[in-house]
1. Check the stretch 69-76 and report whether any residue there is among the aromatic types (Phe, Trp, Tyr), under 25 Å from residue 237 (Cα atoms), open to solvent by less than 40 Å² (accessible area, probe 1.4 Å) and assigned to a helix (DSSP H, G or I).
2. Consider residue 251 against the criteria (1) in contact with a Leu (Cβ under 9 Å, 6 or more places away or on another chain); (2) open to solvent by 50 Å² or more (accessible area, probe 1.4 Å); (3) at negative phi: it satisfies all of them except one. Which criterion is unmet?
3. Pull out all pairs, ordered by first then second residue, where Cβ-Cβ is under 6 Å, the residues are six or more apart or on different chains, the first lies in the stretch 132-151 and is within 16 Å of ligand 2 (Cβ to nearest atom), and the second is assigned to a strand (DSSP E or B) and at pLDDT below 95.
4. Has the stretch 219-238 got any residue that is outside any helix (DSSP H, G or I), among the acidic types (Asp, Glu) and within 16 Å of ligand 2 (Cβ to nearest atom)?
5. Does residue 214 fit the bill of being acidic (Asp, Glu), open to solvent by 10 Å² or more (accessible area, probe 1.4 Å) and within 16 Å of ligand 3 (Cβ to nearest atom)?
6. Name every residue in the stretch 194-208 that is in contact with a strand residue (DSSP E or B) (Cβ under 9 Å, 6 or more places away or on another chain) and away from ligand 3 (no atom under 14 Å from the Cβ), in order of residue number.
7. So which residues in the stretch 239-254 are more than 13 Å from ligand 1 (Cβ to nearest atom) and in a loop (DSSP other than H, G, I, E, B)?
8. Inside the stretch 152-192, can you point out the residues that are of a type in the set (Asp, Glu), touching a residue at least 12 places away in the same chain (Cβ under 8 Å) and away from ligand 2 (no atom under 16 Å from the Cβ)?
Amino acid sequence: AKAQGKGRYEVFDAQMRDRVIRLVKMESELRHAIEQQMLSVQYQPIISLTTQETMGFEALVRWHHPERGWISPAEFIPIAEETGLVIPIDWWVLQEACRQMKEWQDRKLTSSFVSVNLSCRQFLQPNLVEQIEQTLKSVGLEARSLKLEITESAIIENPESAAITLSKLKKMGIGLSLDDFGTGYSSLSYLHRFPVDTIKIDRSFIDRIDKEDDGLEIVRTIVSLTQNLGLDAIAEGVETSEQLNLLQQLKSNYGQGYFFAKPLTPIDAEKWLSLSVLN
Ligand code: C2E
Ligand code: CA
Ligand code: CA
Ligand code: CA
C-alpha cells in the first residue's frame, strides 16, 4: 500500500510539473505574441430584438499561434490574468477596438458602439480612467461610442473604489455593462447601486430558457428586474429561433449570439454592416 501511495504521488508530481511547464511556456509565448502583434480583435454584433438593428459590437481578442493555430481566450485570458499580462493585452484591445470603430464611423458604415471587456486586474489599475480618456482622445472616438464590460468580481473586490471609478466613467459618457450576470454573487438589489446601464445575461441562462421548466421563469425575472431598475438587458449566447422568440416575448431588448452572428473579423464585420438593411 505504501509503494502504491508513493507511485500516486509521483504521478501527481509529474502532472503538476507538466502543468507548470505548460503554463510557463504559454506565458512566454503570450508575451512574445503581444510584442510581435500576433493578437487580433473580432467583433460580435449586438442586436436589437425589437428592430433587428445592429446596436454595437463586442470586441473579443484572438490569438493566432504559429504552430498551434487559434487559441481561445477562454484558455489564455485566465493565464494572462494570473501573470498580469492581461493588462497590456486589454490596453491593446481597447486601443484597437476604438480605432476600428472610429474608422467605421468615419466611413459612415455605422454609428454604433464598441463594447470592450475589462479584466478585473485592469479595472483595479489606479490610472484606469485617465488612460481610457487618453485612448479616446488619441483615437478621436466619442465616449458614447464606447462601452466597457466588467464582471461582478471586479466590483466585489473593492466596492467603494469600484463605485468611484464607475461614476467617473459614466460621467464621461461611457456605457457600462455588467458581464456574465447571474454567474457570480449576483444580487441585483446590491449591484444596481453601481452606475451600470446594461446587464449581460449569461449564456448559461439563455441555454436553459427553452429546456428546463424554470429556465424561462429565471430569465423572465432577470429581464423584469433590469427593466424595473431602468437598465438594458443583453441576452448572451442566443443560438436558436426558439430562444429568440421567447426573449422577444419577455421583451428583452438586446441579444447576441451565433443565431445572429459569430464574432467576425473586421472585414466580415464590414460586410455584415453593409448587408444589414438597418445598422
Ligand atoms: P465573454 O466576455 O462572456 O464573451 C462571450 C463569449 O461567448 C465569447 O467567447 C463569444 O465568442 C462566445 N459566444 C457568443 N455567442 C455565442 C453563442 O451563441 N454560443 C456560444 N457557445 N458561445 C457564444 P470568446 O471570444 O471565446 O471569449 C471567451 C471569454 O474570454 C470572454 O467571455 C471573456 O471573458 C474573455 N475575453 C475575450 N476577449 C477578451 C478581452 O479582450 N479582454 C478580456 N479581459 N477578456 C476577454
Ligand atoms: Ca464580455
Ligand atoms: Ca459574457
Ligand atoms: Ca463569459
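1. Yes, the stretch 69-76 has at least one match.
2. Looking at each condition in turn, residue 251 falls short on (3).
3. 149/179; 151/179; 151/180
4. yes
5. Considered against the rule, which asks whether it is acidic (Asp, Glu), open to solvent by 10 Å² or more (accessible area, probe 1.4 Å) and within 16 Å of ligand 3 (Cβ to nearest atom), residue 214 comes out as no.
6. 194, 195, 197
7. Answer for the stretch 239-254, where residues must be more than 13 Å from ligand 1 (Cβ to nearest atom) and in a loop (DSSP other than H, G, I, E, B): 250, 251, 252, 253.
8. Scanning the stretch 152-192 gives a single hit, 157.
The values are calculated or read from the model by the stated rules, or taken from the named source; none is laboratory data. Since we're looking at a predicted model, the values are computed, not measured. For neighbour counting, all protein chains shown are included, and Cβ atoms are generated from backbone atoms with ideal geometry for every residue, glycine included. Remember, those area values only see protein heavy atoms, side chains included, never the ligands or the DNA or RNA. Shrake-Rupley method; radii C 1.70, N 1.55, O 1.52, S 1.80 Å.
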